[in-house]
Amino acid sequence: MKKILLCIVSVLFAVSAMAQSEHLSFKGVPIDGTLDQYVAKMKAAGFTYLGQQDGTAILQGDFAGFKGCTVGVSTLKSVNVVSTIGVIFPSCDDWSSLEQNYDHLKSMLTEKYGQPSDVVERFQNGTPRDNNSRLHELYMDRCTWYTTFTTPKGDIQLSLQKGEYGGYFVLLKYYDKINTDTVRRQAMDDL
């Protein structure tokens with residue numbers, strides 16, 4: 001009986017250890033490996049590589065039913081382990097379309113990951129009466145609009161952002177827990 005109990009406990013520990021070593025996935029690909037390795041996997045998944053900017057690989061492709069999304073794959077150079085993926089959805093020039101895209105993605109993420117751990121959707125000076133005023137508040141940084149999902153494998157955050165020259169877009173970021181912690185430990189070593 002003790003041997004059986006010991007075997008069961010050993011299996012449970014092994015399964016628990018495996019679950020803790022799993023990475024968050026983006027488009028079915030675990031967020032892990034070097035920047036070059038991850039870019040190769042994204043190319044195989046149908047994304048077009050556009051180049052690198054400040055250590056972030058930039059790709060373009062279709063994602064979550066949206067055409068022409070821009071994807072940034074980030075790593076800390078000293079560690080060279082992918083830890084963050086960002087998706088910029090197509091730009092909108094009106095509040096209604098922007099909010100509709102955000103709400104659609106939020107609904108899909110909630111269906112997949114459960115209720116969000118944090119939601120902030122507010123204007124600093126009260127809700128403006130019309131959509132042009134709402135865009136203006138976003139442009140002036142007087143609008144905070146994001147939803148965060150916390151999972152055992154990492155965090156996912158959806159937000160509204162302003163771009164350069166009046167463009168507005170939805171941003172979706174994936175933060176892999178294991179590799180983000182690795183990057184953090186490396187940064188802590190610097191202190």
Item to complete: Pull up region 149-191, narrow it to residues that are at pLDDT 80 or above, of a type in the set (Val, Ile, Thr) and surrounded by fewer than 17 Cβ atoms within 10 Å (Cβ to Cβ), then point me to the one that is nearest to HIS136 (Cα to Cα).
Response: THR150
Worksheet entry | Hits in region 92-115 - residues which are at pLDDT 95 or above and assigned to a loop (DSSP other than H, G, I, E, B) | GLY114, GLN115
Discussion item. Tell me yes or no: at least one residue of region 55-66 is under 16 Å from THR34 (Cα atoms) and in contact with a Lys or Arg (Cβ under 9 Å, 6 or more places away or on another chain).
Written reply: yes
Discussion item. Condition check: farther than 30 Å from GLY51 by Cα and free of Cβ contacts under 8 Å to residues at least 60 places away in the same chain. Does THR151 satisfy that?
Written reply: no
Worksheet item: When you go through (1) loosely packed, with under 14 Cβ neighbours inside 10 Å; (2) modelled with pLDDT under 95 one by one for ARG122, which number turns out not to apply?
Response: (2)
Worksheet entry | In region 133-148, the residues that are surrounded by 18 or more Cβ atoms within 10 Å (Cβ to Cβ) and either in a strand (DSSP E or B) or in contact with a His (Cβ under 6 Å, 6 or more places away or on another chain) (or both) | CYS143, TRP145, TYR146, THR147
Item to complete: With the condition kept exactly as written, say whether any residue in region 49-64 is aromatic (Phe, Trp, Tyr) and free of Cβ contacts under 8 Å to residues at least 24 places away in the same chain.
Response: yes
Response to the item:
The correct count of residues that are part of a loop (DSSP other than H, G, I, E, B) and either more than 16 Å from the chain's Cα centre (by Cα) or surrounded by fewer than 16 Cβ atoms within 10 Å (Cβ to Cβ) (or both) in region 20-41 is 5
Discussion item. Out of the residues in region 149-165 meeting the condition of being more than 17 Å from HIS104 (Cβ to Cβ) and in a strand (DSSP E or B), tell me which one is farthest from the chain's Cα centre (by Cα).
Written reply: LYS162
Item to complete: Identify all residues within region 28-70 that are among the β-branched types (Val, Ile, Thr) and touching a Gly at 6+ places or on another chain (Cβ under 7 Å); write none if there are none.
Response: THR48, THR56, ILE58
Worksheet, complete the sentence: Within region 42-57, residues being surrounded by fewer than 19 Cβ atoms within 10 Å (Cβ to Cβ) and either under 17 Å from the mean Cα position of the chain (by Cα) or aromatic (Phe, Trp, Tyr) (or both) number 2
Worksheet, complete the sentence: Residues in region 75-101 that are out of contact with any Lys or Arg (no Cβ under 6 Å at 6 or more places or on another chain) and over 19 Å from TYR175 (Cα atoms) total 11
Discussion item. When you check VAL81 against the structure, is it more than 15 Å from THR180 (Cβ to Cβ), among the hydrophobic types (A, V, I, L, M, F, W, C) and touching a residue at least 24 places away in the same chain (Cβ under 8 Å), yes or no?
Written reply: no
Worksheet item: Within region 118-137, how many residues are of a type in the set (A, V, I, L, M, F, W, C), in contact with a helix residue (DSSP H, G or I) (Cβ under 8 Å, 6 or more places away or on another chain) and closer than 17 Å to ASN101 by Cα?
Response: 1
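The values are calculated or read from the model by the stated rules, or taken from the named source; none is laboratory data. Predicted model only: the values in this text are computed from it and were never measured. As a convention, Cβ positions derive from the backbone with ideal geometry for all residues, glycine included, and neighbour counts pool all protein chains shown.
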